[in-house]
Amino acid sequence: MGKIEMTYANAIKEAISEEMRRDQNVYMLGEDIGVYRGAFGVSGGMIDEFGPERIIDTPISETAFVGCAIGSAVAGMRPVVEIMFSDFMAVCWDMIINQAPKMRYMFGGKVSVPMVLRTASGGGTGAAAQHSQSLEAMLCHVPGLKVVIPSTPYDAKGLLKSAIRDNNPVMFLEQKLLYRTKGMVPEEEYTIPLGVADMKREGKDCTIVTYGRMVHMCLAAAEAVSKEGIQTEVIDLRTLLPMDKPSIIESVKKTKHLIVVHEAVKTGGLGGEIAASIAESEAFNYLDAPIKRLASEDVPVPFCPILEKGVLPDEIKIAQAIRDVLA
Amino acid sequence: MATKKSAIDKNIAIELLRKMLTSRKFEEKVQYYFSLGMIHGTTHLSIGEEGTAAGTCGALEPQDQIYATHRGHSQAVCKGIDVYKMMAEIFARANGVCKGKGGSMHIADKDRGVLGANGILGPSLALACGVAFAHKKRKEDIVTVAFFGDGASNEGVFHESLNLASVWNLPVLFICTNNTYGMSTHITKVMKDTDIANRAKPYMIPAKTIDGNDVWEVYNTIKEARKYVAEGNGPMMIVENTYRISGHSKSDGNLYRTKEEIASWKEKCPIKRWKEKLIENGVCTQEEIDAVEKETTDLIEGAVKFALDSPYPKLEDVYNDVYAD
């Protein structure tokens with residue numbers, strides 16, 4: 001099978017474009033996604049291929065256009081709606097929390113909402129507190145949603161194609177700092193099922209469960225400690241809801257150590273959920289050390305790059321955590 | 001827009017009466033069984049507002065779709081939902097229209113054009129834009145109706161949705177059932193200009209305020225509005241002035257309004273007025289009206305019996321329909 005190198009942003013564009021060619025019901029809407037190409041350049045050129053009827057620039061009106069996407073999904077279309085920054089989800093929280101994920105259940109299963117909501121998540125760009133958050137844990141608290149965070153171009157493309165074909169509202173959280181990163185992607189069509197974690201590195205001494213941009217930090221840390229003879233297993237969740245808990249449990253039973261790493265703030269973050277899942281499972285009896293969580297400090301994301309770097313986990317902090325857990 | 005009022009067609013007249021009476025009797029039963037503690041949760045009755053629901057839904061085509069409000073029993077009934085299954089839903093039964101998962105506030109049956117009543121004020125306007133967007137794209141002769149109240153017109157989503165529907169020329173009919181109270185708060189306390197139709201003007205959406213308790217005026221206005229929207233002219237808004245004779249919900253002690261005010265509106269009851277008009281104009285006989293009374297009474301008694309005879313959901317059903325396959 002041939003492979004080509006492409007960026008994370010292009011992998012996302014390719015996924016949507018392929019699905020738009022395959023299914024006339026798929027369309028995109030969002031702010032400045034047409035000629036402007038989207039704030040992160042993801043949809044560059046799509047308006048040329050698909051036209052303004054399917055690549056639709058909206059008013060700066062998140063509640064209206066996300067609501068419109070939901071309504072069109074109810075009526076049989078498959079919208080891929082872009083919210084420029086994930087922080088802006090708060091502007092249309094009612095649509096994300098009270099509308100899209102509730103309809104099927106409260107209307108007795110007669111309605112489905114096959115919508116993908118793509119949005120740029122995470123910090124590290126100097127955009128400060130209202131354009132840098134990682135809000136995935138809030139979304140995972142809402143049954144009816146699915147939540148996906150890809151870490152590589154390969155995962156982004158395969159997961160997004162599955163998300164577009166899924167008959168539920170899928171929150172697709174893209175990582176701002178990964179848009180320009182490159183990876184190998186098959187030339188042939190493929191999809192990656194939602195809800196399945198991926199072991200990005202195999203090891204026998206310690207399990208790290210992570211997702212999104214932090215996958216790369218964890219892999220770098222795992223590589224660093226490998227020189228000290230420590231073999232770290234890195235599990236990329238890829239889908240946060242539903243979460244592939246069996247894969248985590250199996251890995252922890254093998255390595256007897258667990259570290260959870262995420263960019264979101266620690267309190268109320270998914271690290272707690274993952275740790276609790278292990279505590280409730282048979283893997284708890286296998287643990288040789290307390291579970292450790294590495295996450296952002298419990299502060300809004302600061303502007304100053306020294307401060308921003310300081311509050312985020314990085315490969316040095318992760319490597320030290322591995323050593324600490326195994327000490 | 002000047003509404004042409006044609007001579008009253010007897011079949012239509014009877015159908016509008018049937019819709020209003022079905023709704024009234026349905027809600028009176030809900031009120032009664034609620035007072036006995038046999039209905040769980042809460043319920044928002046639209047007693048007194050039936051002219052808006054019957055006139056609006058009566059003027060729509062069968063394929064048209066509506067988003068109802070939290071006070072939407074009458075809207076769902078008048079759109080033609082199965083009242084047996086709707087009653088079963090309100091009694092929290094497994095064969096309710098939402099399998100007992102929605103209740104009074106979330107009545108829906110997409111197959112009957114009832115896309116769902118919303119417990120949040122305003123989002124239906126945006127959702128209706130999306131449904132209309134899909135139908136427009138597929139060039140289908142379907143008009144999507146968003147019912148909302150005077151209170152919801154103070155929500156941001158109201159303005160966002162009017163703007164979107166206007167700039168995208170969407171086939172949406174925005175129907176405001178203006179009962180002048182947002183729970184207990186009178187419209188004059190929360191709006192400087194209480195003519196909600198004026199709120200459509202900046203978005204260049206034609207709008208009109210009518211007497212929502214005159215079912216014939218509502219019917220004729222919506223007939224024309226539906227035609228305007230279906231012909232691809234973009235959205236339209238109709239404000240139907242009415243009054244909620246029943247309280248806001250079960251907790252309402254009516255401390256914010258006088259008995260006299262309620263009594264004066266009972267005199268303007270849309271059902272009472274319609275019956276009088278039909279007799280005065282020689283459209284129907286008293287016997288014919290009595291026949292509709294009996295027919296609707298029997299229907300609703302049948303619905304209550306069906307609901308009471310229906311089983312509750314099984315506990316394991318709680319996991320169904322969270323996700324679609």
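Please treat every number below as a calculation from the coordinates, not as lab data. Every value quoted in this text rests on a predicted model; they were computed, and no experiment measured them. Reconstructed Cβ throughout: ideal geometry from the backbone, glycine too, with neighbour counts over all protein chains shown.
Residues that are farther than 30 Å from B:K136 by Cα and within 13 Å of the chain's Cα centre (by Cα) number at least 1 in the following helices (runs of 4 or more DSSP H) confined to region B:1-95: B:10-35.
Can you tell me which residue in region A:58-117 is farthest from B:N95 (Cα to Cα), limited to those that are among the aromatic types (F, W, Y) and at the interface with another protein chain (Cβ under 9 Å from one of its Cβ atoms)? Top of the filtered list is A:F65. Determine whether B:L127 is over 26 Å from B:P311 (Cα atoms), crowded, with 24+ Cβ neighbours inside 10 Å, of a type in the set (A, V, I, L, M) and at the interface with chain A (Cβ under 9 Å from one of its Cβ atoms). Yes, satisfied. Restricting B:I81, B:I107 to those that are within 14 Å of another protein chain (Cβ to nearest Cβ) and under 25 Å from B:E224 (Cα atoms) reduces the list to B:I81.
Residues in region B:164-213 that are of a type in the set (S, T, N, Q), in a loop (DSSP other than H, G, I, E, B) and closer than 28 Å to B:G247 by Cα: B:N179, B:T180, B:S184, B:T194, B:N213.
Of the residues making up region B:130-158, those that are more than 9 Å from every other protein chain (Cβ to nearest Cβ), within 24 Å of B:T209 (Cα to Cα) and in a helix (DSSP H, G or I) number 5. When region A:193-241 is filtered for residues that are of a type in the set (G, A, S) and without any contact (Cβ under 8 Å) to a residue 24 or more places away in the chain, the ones remaining, listed by number, are A:S226, A:G229. B:A54 falls short of the stated requirement of being buried (at least 24 other Cβ atoms within 10 Å of the Cβ), in contact (Cβ under 8 Å) with a residue 24 or more places away in the chain and under 13 Å from B:D109 (Cα atoms).
Table: residues versus (1) on the phi > 0 side of the Ramachandran plot; (2) of a type in the set (D, E, K, R); (3) free of Cβ contacts under 8 Å to residues at least 40 places away in the same chain.
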position: B:P62; (1), (2), (3): no, no, no
position: B:I66; (1), (2), (3): no, no, no
position: B:K79; (1), (2), (3): no, yes, yes
position: B:M87; (1), (2), (3): no, no, no
position: B:A94; (1), (2), (3): no, no, no
position: B:G100; (1), (2), (3): yes, no, no
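Against the conditions (1) in contact (Cβ under 8 Å) with a residue 60 or more places away in the chain; (2) more than 28 Å from A:R78 (Cα to Cα), B:D141 satisfies every one except (2). In this entry, B:T221 passes the filter for residues that are within 17 Å of B:G58 (Cα to Cα) and out of contact with any Phe, Trp or Tyr (no Cβ under 6 Å at 6 or more places or on another chain). Considering B:M191, B:M236, the condition of being at negative phi and either buried (at least 19 other Cβ atoms within 10 Å of the Cβ) or free of Cβ contacts under 8 Å to residues at least 12 places away in the same chain (or both) is satisfied by B:M236 alone.
Here is a yes/no grid of residues against (1) among the β-branched types (V, I, T); (2) more than 14 Å from chain A (Cβ to nearest Cβ):
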| site | (1), (2) |
| --- | --- |
| B:E260 | no, yes |
| B:S264 | no, yes |
| B:K268 | no, yes |
| B:I271 | yes, yes |
| B:D298 | no, yes |
| B:V322 | yes, no |
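Per the listing B:G182, B:G119, the residue uniquely under 18 Å from B:L45 (Cα atoms), out of contact with any Ser or Thr (no Cβ under 9 Å at 6 or more places or on another chain) and within 12 Å of chain A (Cβ to nearest Cβ) is B:G119.
Looking at region B:224-233 only, could you name the residues that are within 18 Å of B:L164 (Cα to Cα) and surrounded by 20 or more Cβ atoms within 10 Å (Cβ to Cβ)? The one that is within 18 Å of B:L164 (Cα to Cα) and surrounded by 20 or more Cβ atoms within 10 Å (Cβ to Cβ): B:V229. Residues of region B:92-102 that are surrounded by fewer than 23 Cβ atoms within 10 Å (Cβ to Cβ) and touching a Ser or Thr at 6+ places or on another chain (Cβ under 8 Å): B:R93, B:A94, B:N95.
Among the residues of region A:88-109, none qualifies, meaning not one is under 30 Å from B:V114 (Cβ atoms), touching a Leu at 6+ places or on another chain (Cβ under 7 Å) and in a strand (DSSP E or B).
Checking B:Y256, B:Y243 one by one, the residue that is more than 14 Å from chain A (Cβ to nearest Cβ), of a type outside the set (D, E, K, R), under 18 Å from B:T177 (Cβ atoms) and not in a helix (DSSP H, G or I) is B:Y243 and no other.
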